[in-house]
Amino acid sequence: MIETQYQQRITELESLLAEKDAKIAFLEEQFRLAQQKQFGASSEGHPGQGELFNEVEAEVEQLDVEPVQETIGYTRNKPKRKPLPKDLPREVVVIDIADEDKVCACCNGELHQIGEDKSEKLEFIPAKVKVIETVRPKYACRACEKDGTQNQIKQAPVPASIIPKGYATPSLLSQIITSKYQYGLPLYRQESLFKQYGIELSRKTMADWMIKSQLALQILYERLREILLQQSVIQADETTLKVIGEAKTTSYMWLYCSGTDSPNDSSTPNIVLYDYQNSRRGQCAVDFLAGYSGYLQVDGYQGYAQTQATLVACMAHARRKFVEAETAQPKGKTGKANWALNQIQKLYRIETKIKGKTAQEKYRIRQADALPLLMQFKGWLDKSATEVPPKTALGKALAYSLNQWSKLIRYIEDGNLTIDNNRAERAIKPFVIGRKNWLFSNTANGANASATLYSIIETAKSNGLVPFDYLNHLLNEIPSLKPDDTIDHLLPWNCAKR
């Protein structure tokens, strides 16, 4: 009897000890994750996969320590600098010796030129501003004036303009728009820049110009949306936005895109559209997509499930969970997270191999090479899920992949799909970076203007256009359009690259 009680007590203590050990392990894991978040590098790179963004210091350090390749004869391959564009204006400066030095020191014979050395340096000319004074002469009939007949005055019409009574030209508007939305320069900083030229241009005036420019460009935005919804694959993402006028709710900037990161890939239109909404409800995606039933590649957010699209998950998001699990491991140890990351890396190697191939070729190679790896991965996930506590970082990574599995492997069904929605994440990055500079929008009108202007700029960039040139072209052409005119000639892929 006593032995039985002792045995029960030992069992209870062992169970309690195991529970405490699990709790300690969980807390240590959370501590390591917190340390990584606070002090560690933000990159989630894995050996063999490049990083998307690096700081300048990292780039310089890489240049300093990069090993120099050697060839036979101990000659070194020196890094080659890309030549400056041939179409840039050039000013030739000849540095010659004096005429009296063009004689031979030995025989006093005249020296002749045997060659020359050339080098190029890039000169920067600061921006210049000028006033365009438009004069419209008026004409009248002298004979009618003498006879007392009602005189008809003739005058050329006022040129169409985005801001008819303002002094902003398309080039000025394009400069302000790209400065803010492409380079993240807030209007109050631009205000101080214009003061350097003696121009009093208030941020309130510029903000009003941005909204009027957005209203003019909205017709192009809507046409791009029509074309986007005709594509077989769309990627989407969303991020928060602070709007002062709607402080009681968390606002969001939604992102929808199609095409590829390569401006030279014309297989599908490269379109990037932002959509401001004052919530993250799935209805926002439902309203924008308006019954779209193609493939929609997104992260695991459940709001997208309300749409009529066929959802495709993102392998990069699944991988991110395992990166967190790897970080949570004790330093110097490897485990299940490492196996998962290596398996995912094999899948990405296949994507690297098929880059540039047709959709049919991608489908065939994925079925032959990626499908067996995915089935192996699924078996490992099922087995590991029974061995790992669900509240740990690894347990959460396993649960995420299993919950998303049917969507994660859907990319092998169609060669037009990609393994992840990183294109959407990269497309929304400029907005996130800009948000750090200007912090918030004052009103919903301002947020809507930002959505349209960001859309035009990022779509121009994805099609290999210079955003300033493209905006300048649009703001010159759109005011002259008639109600029945089409705007397809203004679509970015129909405009010549400059």
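Between the DSSP loop rule and a limit of at most 11 other Cβ atoms within 10 Å, which trypsin sites (Lys or Arg not before Pro) in segment 312-390 are left?
Lys331, Lys333, Lys355
Longer than 22 Å from Cα to Cα, which of Lys80/Lys121; Lys86/Lys429; Lys407/Lys429; Lys333/Lys407; Lys336/Lys362; Lys353/Lys383 are they? Say none if no pair is.
Lys86/Lys429; Lys407/Lys429; Lys333/Lys407; Lys336/Lys362; Lys353/Lys383
Are there chymotrypsin sites (Phe, Trp or Tyr not before Pro) in segment 112-193 that DSSP marks as loop and that have at most 16 other Cβ atoms within 10 Å, and which are they?
Here the sparse-neighbourhood loop sites are Phe124, Tyr167, Tyr183.
Taking Cα pairs under 8 Å and at least six residues apart, what relative contact order does segment 86-240 come out at, in percent?
11
Suppose a student asked you for the relative contact order of segment 238-383, using Cα pairs under 8 Å spaced at least 6 residues apart; what percent would you report?
Rounded, it is 12 percent for segment 238-383.
Using +1 on the beta carbon of Lys and Arg, -1 on that of Asp and Glu, and nothing else charged, what's the dipole of segment 315-413 about the Cα centre, debye to 20?
200
Excluding residues on the same chain fewer than 8 positions from Lys146, give the lysines whose Cα lies under 27 Å from its Cα.
Hits, sequence-local ones excluded: Lys138, Lys154.
Please compute the volume of the convex hull spanned by the alpha-carbon atoms of segment 315-413 and report it per residue in Å³.
Looking at segment 315-413, the number lands at 92 Å³ per residue.
List the trypsin sites (Lys or Arg not before Pro) within segment 105-164 that DSSP assigns to loop and that have no more than 14 neighbouring Cβ atoms inside 10 Å.
Lys118, Lys121, Lys128, Lys130
On a C-alpha basis, how far is the centre of segment 446-498 from the centre of segment 314-358 in Å? Whole number, if you could?
If we compute the Cα centre of each part, the gap is 39 Å.
Relative contact order of segment 315-413, please, whole-number percent, based on alpha carbon pairs below 8 angstrom and at least 6 residues apart.
This gives 36 percent for segment 315-413.
Please list, by residue number, everything in segment 390-427 whose backbone N is under 16 Å from a paramagnetic label point 7 Å out along Cα→Cβ of Lys353.
Hits in segment 390-427 for Lys353 at 16 Å: 412, 419.
Rule-based calculations on the coordinates, nothing more; no lab input. Keep in mind that this is a model prediction, so the values were computed, not measured. Because the Cβ atoms are built from the backbone with ideal geometry, glycine has one as well, and the counts that use them run over all protein chains shown.
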